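What follows draws every value from the coordinates through simple rules; no lab data is involved. None of these values were measured; they are calculated from a predicted model. Neighbour counts run over all protein chains shown; Cβ positions are idealised from the backbone, glycine included.
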């Protein structure tokens with residue numbers, strides 16, 4: 001792979017930082033712990049810095065700036081800009097520019113982290129090599145009008161160093177002298193940066209590779225609860241790509257999305273407003289459409305047994321009836337009540353369960369189908 005990339009296209013600054021911080025995390029951090037131990041302060045500082053910088057990316061860079069899913073108070077914007085820089089993921093302006101481009105051209109050549117170019121490229125290769133044209137920022141003119149965003153953009157690297165490395169070292173020194181300062185620099189600084197970066201990178205790589213697609217199979221984005229756990233709720237990527245302006249990623253009550261809960265809380269105390277929320281019926285309609293597409297694919301399979309085909313046909317007919325009922329309600333401009341939504345949702349659930357119950361039979365009779 002590497003031999004096909006021109007030497008002059010290596011992004012030496014970014015590559016050196018990514019490799020250097022990873023090397024320190026794998027060598028210097030264990031050596032420090034071996035010699036000085038690991039106390040509760042170092043663990044707590046790691047966790048606090050991880051949350052401050054992590055939520056600044058998910059809540060600030062991603063949902064507030066990139067997708068305008070809600071409007072934050074100036075104090076919320078300032079906090080996320082300062083600690084978002086501490087994640088060493090560039091400025092909010094650059095991050096949003098690349099991310100909006102990703103959504104516009106997902107799975108195509110202009111997608112900055114196109115999964116079709118390989119898992120390595122989607123994860124970190126797109127950062128390490130100069131494979132794309134210079135950014136023009138044409139898709140973030142709205143953010144260029146924000147004075148705080150532009151201030152952070154001009155001073156990103158300085159803010160990043162101060163927040164990511166200097167601040168933990170100062171807090172460590174105040175806690176227990178120079179040894180604690182070194183530990184805080186390595187653990188809450190270097191190791192935390194590496195961990196958070198690769199968690200973010202997993203959204204670009206793993207969430208376009210493994211997981212389920214309950215809302216749309218038209219792009220590679222997938223829902224992954226495992227990734228959601230380590231990215232503060234960003235792992236429900238199939239939903240996000242279908243409804244990118246919703247302030248929620250985990251739309252189901254049981255899905256882990258602490259970023260959504262924080263945004264809701266900020267709205268409750270007056271620090272956020274204009275929360276954008278996709279109507280429940282539109283979400284259900286997307287699930288219904290995707291279930292129909294999957295059912296049609298199953299019915300076209302020549303390896304289905306008669307029993308499985310009858311089961312899928314029955315489920316497909318239920319879906320068609322549900323879709324017809326939906327269309328009639330919309331045409332008549334009837335108010336869709338909670339009870340109606342519940343009935344529609346139950347029909348979709350039955351159809352999806354039909355797929356799950358019979359998938360193993362299809363895999364058994366036609367493993368390569």
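Highest mean packing first, where packing is the average number of other Cβ atoms within 10 Å per residue, the peptides 95-102, 258-265, 229-236 line up as 229-236, 95-102, 258-265.
Give me the extension gain from residue 176 to residue 277: residue separation times 0.36 nm, minus the current Cα-Cα distance, reported in nm with one decimal. Can you show the working numbers first?
Values: separation 101, 0.36 × 101 = 36.36 nm, distance 4.70 nm.
Between residue 176 and residue 277, full extension yields 31.7 nm more.
Show me the ranking of peptides 116-123, 164-171 by mean Cβ neighbours inside 10 Å, starting with the highest. Don't skip to the answer; put the middle values down first.
Working: 116-123: 16.5, 164-171: 19.0.
Top of the packing list down: 164-171, 116-123.
As a length-normalised measure over Cα pairs under 8 Å and 6 or more apart, the relative contact order of segment 147-229 settles at 18 percent. Segment residue 142..residue 38, full-extension length gain: 32.9 nm, with 0.36 nm per residue of separation and the alpha-carbon distance subtracted.
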